[in-house]
Amino acid sequence: MDLSMVGNLTDPAILFFFVGLLVGAVRSNLEIPAPVAKFLSLYLLMAIGFKGGQALGQTGVTDAAVRVVAIGVVLALAIPALGFVVLRRRIDHFDAAAIAATYGSVSAVTFIAGTQFLTARGDAPGGYLTVALVLMESPAIIMAVLLATWARARRHVTEQATVLAGVHGPPQPPTASGVTAGHPVPTPPMSMRAILHEAFTDGAHLVLIGSLVVGAASGPTGGRAMAPFVDGVFTGLLAFFLLEMGLLVARQLREARDVGPFLVGFAIGMPLVGATLALALGTVAGLSVGDLALLAVLAASGSYIVVPAVVRYAIPEARPSRYFTMALAVTFPFNIVIGIPLYHAAARALVG
């Protein structure tokens with residue numbers, strides 16, 4: 001086994017994730033209060049945003065920064081489109097759109113874990129990767145809404161054709177529109193204006209963006225003042241947060257009734273495809289090892305916070321038990337344990 005993977009498995013923060021997974025698997029009564037979990041999430045976003053802003057303030061907007069952000073946006077559009085093409089052949093079109101959005105978007109926690117991993121191994125990525133993290137969230141949501149709108153139009157055409165043909169009877173299997181018969185629509189979908197508002201004004205995003213700006217504007221003096229907060233306790237609070245994530249993953253695994261072998265395979269295979277695309281584009285763009293590896297981490301991750309919250313209302317026809325469980329219970333542990341060291345090793349091999 002690669003030494004970097006062994007080191008990742010013995011990292012205290014990762015070990016606490018396994019502690020949470022074990023505690024949750026045995027159905028212990030341990031529970032992290034929701035306000036504490038929320039604080040930890042906001043703290044990590046603030047810390048990583050501030051540190052990214054500090055790094056960006058030192059280097060400025062370089063050619064590498066422009067290349068990374070441009071590739072990130074391209075990936076945020078390409079990955080959900082590719083995922084939808086694959087998924088629509090096997091599952092409901094609305095589920096396909098929601099899952100595609102989940103994997104076209106990014107996971108801030110995976111990004112933070114990847115940053116820690118790379119920095120500890122001397123391949124610290126540039127602060128502009130935090131900008132890529134912010135910009136890669138919304139395009140995937142917009143893509144999903146467009147795909148779901150297309151699916152609804154297909155369904156409407158099919159239903160109209162059925163009425164005109166005078167065909168009536170019991171619910172049928174999935175049709176060409178990709179809609180599973182008997183799959184209820186709880187609420188009407190949100191308007192595009194509401195979707196864009198949710199995508200660009202999410203609180204977690206605004207904290208990340210605000211921290212990035214503060215970090216860049218405050219300079220070295222601000223960095224020294226904030227060092228005890230964003231550096232001194234960062235690893236400990238990350239470990240505490242990953243303990244809570246382990247508990248959450250264990251609970252979600254017990255509820256994974258709608259995720260069959262095909263979707264489990266997709267939840268592992270799609271991150272590898274996304275990472276491969278990022279590594280290929282990043283290598284052509286001449287990125288450094290740290291930038292290349294973290295870009296692959298972003299492309300390989302799946303959102304289980306922002307996107308599910310928006311998609312739940314944007315695509316009410318889709319089942320959260322699929323897209324949320326896949327991203328959190330399958331892809332997140334895979335990336336934390338295996339993916340991040342694997343992408344780092346690939347980046348080193350490519351850059352030489």
Open item on the list: Output wanted: per-residue J couplings in Hz (rounded whole) for the range 44-51, from phi through Karplus 6.51 cos²θ - 1.76 cosθ + 1.60, θ = phi - 60°, x for Gly and Pro.
Closed with: 4, 5, 5, 5, 5, x, 5, 5
Task: Bins of 10 Å, starting at 0 and running to the largest distance - Cα pair percent for the range 1-126 - done: 10, 25, 32, 29, 4, 0
Open item on the list: How large is log10 of I(q)/I(0) for the range 91-160 at q = 0.23 Å⁻¹ when the intensity is taken from the Debye formula with one equal scatterer per alpha-carbon?
Closed with: -0.94
Task: Computed over the range 230-352, the ratio Rg/Rh where both radii use C-alpha atoms and Rh is Kirkwood - done: 1.02
Open item on the list: Compute the distance from the alpha-carbon center of the range 69-83 to that of the range 310-327, in whole Å.
Closed with: 20 Å
- [ ] Determine ³J(HN,Hα), in whole Hz, for all residues of the range 319-330 in sequence, where each value follows from phi through the Karplus function 6.51 cos²θ - 1.76 cosθ + 1.60 and θ = phi - 60°; x replaces Gly and Pro.
- [x] 9, x, 4, 8, 5, 6, 5, 4, 5, 7, 8, 10
Open item on the list: Order these by the 10 Å Cβ neighbour count, fewest first: 106, 131, 26, 74.
Closed with: 26, 74, 131, 106
- [ ] Loop only per DSSP, at most 13 neighbouring Cβ atoms within 10 Å: give me the trypsin sites (Lys or Arg not before Pro) in the range 18-58, ordered by residue number.
- [x] 27
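Only the coordinates and a few stated rules stand behind these numbers; no lab work does. Just so it is clear, the structure is predicted and the values come from calculations on it, not from any experiment. All Cβ positions, even for glycine, are placed from backbone atoms using ideal geometry, and neighbour counts span all protein chains on display.
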